[in-house]
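Read the figures in this text as sums done on the coordinates, not as results from a lab. Remember, it's a predicted structure, so these values are computed and weren't measured experimentally. Don't worry about glycine lacking a Cβ; one is built from the backbone with ideal geometry, like all the others, and counts go over all protein chains shown.
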Amino acid sequence: MISIGVLSLMLALGCSMYAIAASIYGGVRRHGGFVESGEHAAYAASGLTVIASAVLVHALVTHDFSIAYVAKYSSTTLPLRYSIAAFWGGMEGSMLFWVLILTTLSSIALWQNRARNRQLMPFFTATTMVVAAFFLSMLVFMTPPFEQLAFVPAEGTDLNPLLQNYWMQIHPPSLYMGYVSWTIPFAFAIAALATGRLDDLWIRTTRRWVLMAWFFLSLGNIFGARWAYEVLGWGGYWAWDPVENAAFMPWLTGTAYLHSVMIQERKDMLKVWNMSLIIMTFSLTIFGTFLTRSGVISSVHSFTQSGLGPYFLSFLGLCIAVSVGLLIFRLDSLRPRHKLDAIVSRESAFLFNNLLLVGIAFATLWGTIFPVLSEWVRGVKITVGPPFFNRVNAPLAIALLFMTGVGPVIAWRRASMQNLVQNFLRPMLSGTIAGLVAFFAGMHSLTAVLVVSFSVFVVYTIVAEFHRGAVARTVMVGEGYLQALGRLVSKNQRRYGGYIVHLGIVMMFLGVTMSSVYRVEETFTVSPGENFEIGDYAITYVNTESLGDEHMDRLIAQLSVSKRDGTSIGILKPEKRFYKRPEQPATEVAYRSTLKEDLYIILGSVDQTGLATFQAYINPLVAWLWLGGIVLVLGTGVAVMPTRTVVARERSREAVHAGKKTA
C-alpha cells in the first residue's frame, strides 16, 4: 500500500508536468490534440492524487505506524473521527489534502467547460497544474507523507490535543476549500490575459467559483473562531494571530473583488483593478500557506519548523512576477470604456468600499509581517499585538459597515438630491435615533454607539429594498405580498442573496463589537460549597469528579448556576483533560449562551483539598456572531442557487454541442 501511495504521487507529478507542457504548446499552436491531451493528464493527476490520499487515510485508520506521519499524528486509542482528521492535522497530510482539493476542483472546472471557453482552457489547465506541480514536488522531494520509519513503534505519538475537537474536523477542510478554490478564478484570469480575451467572459465563467471560494473561506474563518472560543480557553475567539490573519486577508480582497466585479459587468470599468484583486487574493492564499509551513512565525495554528519557507517564497514570487507581467503586457487592452461620472454614485461607493477592504488587508499584512521584517533587519523581534490591529482596523471597519448600507441603494452614475433624500433620509434618521437611544441607555463607548447606529441604518436600507421590490410586484403583477417577496428573490437571487449576506455581516459586527467592548472577566478561587458572582449570575462550586480511559483522564468541576434573584439556570461542567499521548493538558470550557450574553467559565486548577480556581467571563451578544454566520450561509446559498433561466441556458448549450458532435 505504501509503495502505491509513493508511486501515485510521483506519477501525479509527472502528469501535471506533462499537462503544463502539452496545454501551453496546444494553446499557442492552436493544436486541439495537445490541448485535450493536457486535459486528460490533468484528470489523471486528479485520480492519482485521490489514490495517494486514500492510501494515507487507510494507513491512519488502520494505525500503520511503519509510516512516520501515522506514528506522529495518531494512536490506537484515537477515536476514528480524529484518525480521519489527522489527514490534515500535520504538514505532509495537509499539503496532500491541498493537492487533492486543487486537482479535484480543476477536473470539475475542465469538465464544466469541455464544450465552451475552449480558447481559455489550455492556459487554465496549465495554470492550475503549475500550482499542483509545485505542491506535488514538495510532497515527492521535501515532505513525503509516506516516509517509513527504520523500526515500527508499538504506539503512535497521537494527534495534538488542541486538534481533538469537533470544530477542527470541519474548520481545516472549509478553510482549505476556500484557499484552494481561489486558484480556479485566478487560472481563468491568467488564461484571459494570456489569450487577450479580456471581455467579461472569464468573469461570467468564474462567478459561481468566486462565490464558492468566498463562501468556504468565510466558513473557515467562522469555524476557526468557534474552535478558538471553545478550545483555547481564553474567553475570546479572535486574537489577531498571524495564521488567523493569513486566512482573513484573502477574505478581505476576495470580498472587494466580489463587489467591484459588478461594476465591470455593468459599466465595463475597473478591469485592471479586478485583475489585480484576483492576483492579490490568490497570492495571499499562497502567502498564508507559507506562513503556516515556513516556521517564520509562532502560532498555535501553524505547523512545526521546516525548510519549506524559501521554496514557498520563490513560488510566490514567480506567481506574482508572471501575473503582473501579463497584466502589464495587456494593460492597453484593459483600458476602461467608461469613466467615473460622479463622486456621489454607486460606482464610487463600491470603489470606496474596495479601498476600505484593501486598506484593512494591507494593515493586517503589515502588522503580521512587521515582527519578521524587524528581526531580519535589526535582529530584534518587535511584537505587534491586538491593540495595533484594533486601533488601525476598527475605524476602517466602522466606515465599511456604513458603506454596506450606502452601496446597494445609491443611484448608478450620478445620485440626485431626490435620490439621496428618498433612499437615505429615513435610514439615517433611524440610525441616529438608535445611536442616541444606545448612548442614553448607558452605552458610552463611541465604537459601540457608532456600530449600533450604522447597523440600524444598514438593516433599514436592506429591509426597505425588499419591501420596495415586493410592493412594486404586487402593483404590477397583482401577486400577494409574501408571494411577491418570494418571486422577487427568485428572479434576482444574486442581488437579494447579497442583501441577506449583508444582514449576516451586520449581526456579526454587533456580536464582535459588544463582546469585545463590554466583556467582563474575573478570577475566583473557591472551595466546594462556596459561591462566587459575576454579572447577574450566582455560581456555586459543588464538587469535582475524575474520569478516565486509555486515551485521556478528565477532571470535571460541577457548577450550579442561578440568577442573583435565586432563579435556577442549570449546571455547567468545565473540565481539564490530560491526554496520555502526548502528555499534554487541554481545557474544555463550559458556557451558557443566550441572545443577550454568554456566561463562559474555565477551570484553572484544583488542589488536593478541592480548592479550585475559575476564570469567568460575561461575553455580551457573542451568539450574534455565530447566528450572523448562519445568515451569511443562507444568503450565499440564495445567491448561488441556479435559476431556471441559467439551467435552461446551460441545457441549450449542451444540446448545441451534442448536435455539433453528431453532425
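Fully extended, how many nm does the chain gain between residue 560 and residue 152 (0.36 nm per residue separation, minus their Cα-Cα distance)?
This chain segment gains 142.0 nm when fully extended.
Could you list the residues of region 153-190 with an amide nitrogen less than 15 Å from a label point located 7 Å from the Cα of residue 104 in the Cα-to-C-beta direction?
What the label zone holds, given the 15 Å backbone N cut-off, is 170-182.
Report the Cα centroid-to-centroid distance between region 179-230 and region 452-474 in angstrom, as an integer.
Taking the Cα centre of region 452-474 as reference, the centre of region 179-230 is 29 Å away.
Which whole-angstrom value gives the distance between the alpha carbon centres of region 579-637 and region 349-426?
Taking the Cα centre of each part, region 579-637 and region 349-426 sit 30 Å apart.
If I stretch the segment between residue 322 and residue 370 completely, what's the gain in nm (0.36 nm per residue apart, minus their alpha carbon distance), one decimal?
Separation in residues times 0.36 nm, less the Cα-Cα distance, equals 14.7 nm.
What ranking of 15, 319 emerges when the number of other C-beta atoms within 10 Å of each C-beta is taken as an exposure proxy, fewest first?
Ranking 15, 319 by Cβ neighbours within 10 Å, fewest first, gives 319, 15.
Using θ = phi - 60° and the Karplus form 6.51 cos²θ - 1.76 cosθ + 1.60, what ³J(HN,Hα) does each residue of region 233-238 get, whole Hz, x for Gly and Pro?
Values per residue, Gly and Pro as x: x, 10, x, x, 9, 8 Hz.
Measure of size requested: the Rg and Dmax of region 1-164, with Cα atoms as the atom set and Å as the unit; please supply both.
In Å, with Rg to one decimal and Dmax whole: 17.7, 58.
Using 1/(1 + (r/R0)^6) with R0 = 41 angstrom and r between the beta carbons of residue 634 and residue 4, what's the FRET efficiency to the nearest 0.05?
Efficiency computed from Cβ-Cβ geometry: 0.45.
Kindly put 609, 62 in sequence by how many other C-beta atoms sit within 10 Å of each C-beta, fewest to most.
609, 62
Take residue 571 and residue 531, extend 7 Å from each Cα along the Cα→Cβ direction, and tell me the distance between the two endpoints in nm.
Here the answer is 2.0 nm between the modelled labels.
Could you quote the convex hull projected area for the chain, Cα atoms only and averaged over all directions, in nm²?
In nm², the orientation-averaged hull projection of the chain is 35.1.
What percent does the relative contact order of region 8-140 come to when contacts are Cα pairs within less than 8 Å and at least six residues apart?
Once divided by the residue count of region 8-140, the mean separation gives 36 percent.
Could you tell me the convex hull volume per residue, in Å³, taken over the Cα atoms of region 520-623?
Dividing the Cα hull volume of region 520-623 by its residues yields 103 Å³.
Let me have the relative contact order for the chain, percent, based on Cα pairs under 8 Å that are six or more residues apart.
Across the chain, relative contact order equals 10 percent.
Calculate the FRET efficiency for residue 333 and residue 380 from the Cβ-Cβ distance with a Förster distance of 45 Å, rounded to the nearest 0.05.
Once rounded, the FRET efficiency stands at 0.45.
Describe numerically, in nm with one decimal, the distance between label points set 7 Å from Cα along Cα→Cβ at residue 444 and at residue 429.
Each label point lies 7 Å from its Cα, and together they span 3.1 nm.
Please list 3J(HN,Hα) in residue order for region 396-405, calculated via the Karplus relation 6.51 cos²θ - 1.76 cosθ + 1.60 where θ = phi - 60°; whole Hz, with x for glycine and proline.
Result, rounded to whole Hz: 5, 5, 5, 4, 5, 4, 4, 5, 4, x.
Charges on Cβ only, +1 for Lys and Arg, -1 for Asp and Glu, centred on the Cα centroid of the chain; of 32, 172, 517, which one is farthest towards the dipole's positive end?
Farthest towards the positive end: 32.
Output ³J(HN,Hα) for region 434-439: one whole-Hz value per residue in order, computed from phi by the Karplus curve 6.51 cos²θ - 1.76 cosθ + 1.60 with θ = phi - 60°, and x for Gly and Pro.
4, x, 5, 4, 4, 5
What is the order of 467, 444, fewest Cβ neighbours within 10 Å to most?
If I rank by nearby Cβ atoms, fewest first, I get 444, 467.
With the cut-off at 25 Å, report for region 439-541 the share of all Cα pairs above it, as a whole percent.
It works out to 50 percent of all Cα pairs.
Mind checking the dipole of the chain: about its Cα centre, +1 per Lys or Arg Cβ, -1 per Asp or Glu Cβ, Debye to the nearest 20?
Using Cβ point charges on Lys, Arg, Asp and Glu, the chain gives about 3400 debye.
Contact order normalised by length for region 520-623, with contacts defined as Cα pairs under 8 Å and 6 or more residues apart; what percent is it?
With pairs under 8 Å counted, the relative contact order is 25 percent.
Can you count the Lys pairs in the chain with C-alpha separation below 18 Å, eight or more apart or on different chains?
Pairs that pass both the separation and distance tests number 5.
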